[in-house]
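Below you'll find the structure, written out as structure tokens, and then a few comments.
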Amino acid sequence: MFLIGERINGMFKDVAKAIKEKDKSVIQGLALKQISCKANALDVNVGPASSNPKEAMEWLVKTIKEVTDISLAIDTTKQDVMELGLSLCKSKPIINSVNANEEKMNSLFSLAKKYNASIIGLTMDKAGIPKDSEGRMELAMKIVASCVEYGIDTNELYLDAVILPVNVAQSHAKEVLKTIRDSKMLADPAPKTVLGLSNVSQGSSAEYKSLINRTFLTMAIANGLDAAILDVTDKELMDSLITAELLMEKQLYCDSYLEAYRKK
Ligand code: THG
């Protein structure tokens, strides 16, 4: 499973503060911590409060680059912030994200080609997030078609069925799982699938968040999830992930498989 660390996001107070005060050590510490917890890439999002998102993205990417050359997922809805972030990346970047709007797809698939980036496609459009898997699949088809049109390999595309908080959108979780299963049939090679896992527990009681996250991740892995934006520093979550992969025959069994994985 491809793991994208979620922590460098201005949604978190410590990150928002570090951006404001240009405190490199907080960001570099979070980058190295997530890498030590087996992140394969790092999500980079300046957050909703940033007054100058372009400047903040440039500072974040440059700050991270000083300590690692791991791949970055540039997480922004703004075209100019996206291009600036991509242009600064050392390793193959990930565009986080495109949706099924025609103009969005045109501009972002062009950027994906220009910067040889992988791309996350959200199954949503101007009308929002469909309530069922059929609606999500219609949008997924549009994204796949656009990807092919731009001559991008469909296995460079990560479809994101967009999980919503279970406390306000309880019926969505099972629709997301069905979308993950069905997405595989949209192209050959099959598009990959990804989730912003922690969305599912947003707003739930703090003592249940980790449990909700790891239970849903286990279910998503059983349905074929390929990648996740998640808290790689959550040990119980990571233990569930490794165990789910073991049971799906994605890891080799041995009696001390958790220790074996950690040593890898
Ligand atoms: N899909 C894609 N990208 C995404 C998302 C997605 N990027 C952002 C987000 N969703 C994934 N990242 C997070 C990061 C944190 C939380 C949720 C999703 C989160 N944080 C806690 C909260 O808000 O309750 C804790 C905040 C805190 O401690 O301050 O839930 O879906 N492609």
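The values are calculated or read from the model by the stated rules, or taken from the named source; none is laboratory data. Just so it is clear, the model here is predicted, and its values are computed rather than measured. For neighbour counting, all protein chains shown are included, and Cβ atoms are generated from backbone atoms with ideal geometry for every residue, glycine included. Note: accessible area is taken over every heavy atom of the protein model, side chains too, but ligands, DNA and RNA are not part of it. Shrake-Rupley method; radii C 1.70, N 1.55, O 1.52, S 1.80 Å.
For the stretch 5-28, does any single residue satisfy the condition of being among the hydrophobic types (A, V, I, L, M, F, W, C) and closer than 22 Å to GLU156 by Cα?
no
Count, please, the residues in the stretch 211-250 that happen to be within 15 Å of the ligand (Cβ to nearest atom) and outside any helix (DSSP H, G or I).
Adding up the residues that qualify gives 10.
A quick yes/no check of all residues on (1) assigned to a loop (DSSP other than H, G, I, E, B); (2) within 15 Å of the ligand (Cβ to nearest atom):
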{"position": "ILE4", "(1), (2)": "no, yes"}
{"position": "ARG7", "(1), (2)": "yes, yes"}
{"position": "ALA16", "(1), (2)": "no, yes"}
{"position": "LEU30", "(1), (2)": "no, yes"}
{"position": "ASP43", "(1), (2)": "no, yes"}
{"position": "ALA49", "(1), (2)": "yes, yes"}
{"position": "GLU55", "(1), (2)": "no, no"}
{"position": "THR68", "(1), (2)": "yes, no"}
{"position": "LEU72", "(1), (2)": "no, yes"}
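Please work out which residue is least open to solvent (accessible area, probe 1.4 Å), limiting yourself to the stretch 95-125 and to residues that are among the hydroxyl-bearing types (Ser, Thr, Tyr) and more than 16 Å from LEU159 (Cβ to Cβ).
The residue in question is SER107.
If only one of GLY121, GLY196 is out of contact with any helix residue (DSSP H, G or I) (no Cβ under 9 Å at 6 or more places or on another chain) and within 11 Å of the ligand (Cβ to nearest atom), which one is it?
From the options GLY121, GLY196, the qualifying one is GLY196.
Going by the structure shown, is VAL194 open to solvent by less than 20 Å² (accessible area, probe 1.4 Å) and not acidic (Asp, Glu)?
For VAL194, the condition - open to solvent by less than 20 Å² (accessible area, probe 1.4 Å) and not acidic (Asp, Glu) - is met.
I'm trying to understand the selection: among the residues of the stretch 251-264, which are in a helix (DSSP H, G or I), open to solvent by less than 60 Å² (accessible area, probe 1.4 Å) and not aromatic (Phe, Trp, Tyr)?
Scanning the stretch 251-264 gives LEU258, ALA260.
Among the residues of the stretch 164-180, are any in a loop (DSSP other than H, G, I, E, B), in contact (Cβ under 8 Å) with a residue 24 or more places away in the chain and small (Gly, Ala, Ser)?
yes
Quick one: in the stretch 199-208, which of the residues that are open to solvent by 30 Å² or more (accessible area, probe 1.4 Å) and near the ligand (Cβ under 7 Å from one of its atoms) is farthest from ILE95 (Cα to Cα)?
GLY203
Would it be correct to say that LYS90 is at positive phi and away from the ligand (no atom under 14 Å from the Cβ)?
no
Does the stretch 142-162 hold any residues that are open to solvent by less than 10 Å² (accessible area, probe 1.4 Å) and in a loop (DSSP other than H, G, I, E, B), and which are they?
ALA161
Out of the stretch 126-141, which residues are in a helix (DSSP H, G or I) and surrounded by fewer than 18 Cβ atoms within 10 Å (Cβ to Cβ)?
Answer for the stretch 126-141, where residues must be in a helix (DSSP H, G or I) and surrounded by fewer than 18 Cβ atoms within 10 Å (Cβ to Cβ): GLU134, GLU138, MET141.
So is THR179 open to solvent by less than 30 Å² (accessible area, probe 1.4 Å) and in contact with a Lys or Arg (Cβ under 7 Å, 6 or more places away or on another chain) or not?
Against the criterion (open to solvent by less than 30 Å² (accessible area, probe 1.4 Å) and in contact with a Lys or Arg (Cβ under 7 Å, 6 or more places away or on another chain)), THR179 qualifies.
Please go through the stretch 59-91 and give me each residue that is under 21 Å from LEU195 (Cβ atoms) and either open to solvent by 60 Å² or more (accessible area, probe 1.4 Å) or modelled with pLDDT under 95 (or both), ordered by number.
Selection gives THR77 alone.
Please indicate, with yes or no, whether at least one residue in the stretch 203-210 is modelled with pLDDT under 95 and in a loop (DSSP other than H, G, I, E, B).
No: the stretch 203-210 contains no residue that is modelled with pLDDT under 95 and in a loop (DSSP other than H, G, I, E, B).
Within the set of pairs 6+ apart or on separate chains, which have a first residue in the stretch 181-193 that is closer than 19 Å to ALA222 by Cβ, a second that is part of a loop (DSSP other than H, G, I, E, B) and polar (S, T, N, Q), and C-beta atoms under 6 Å apart?
ARG181/ASN223
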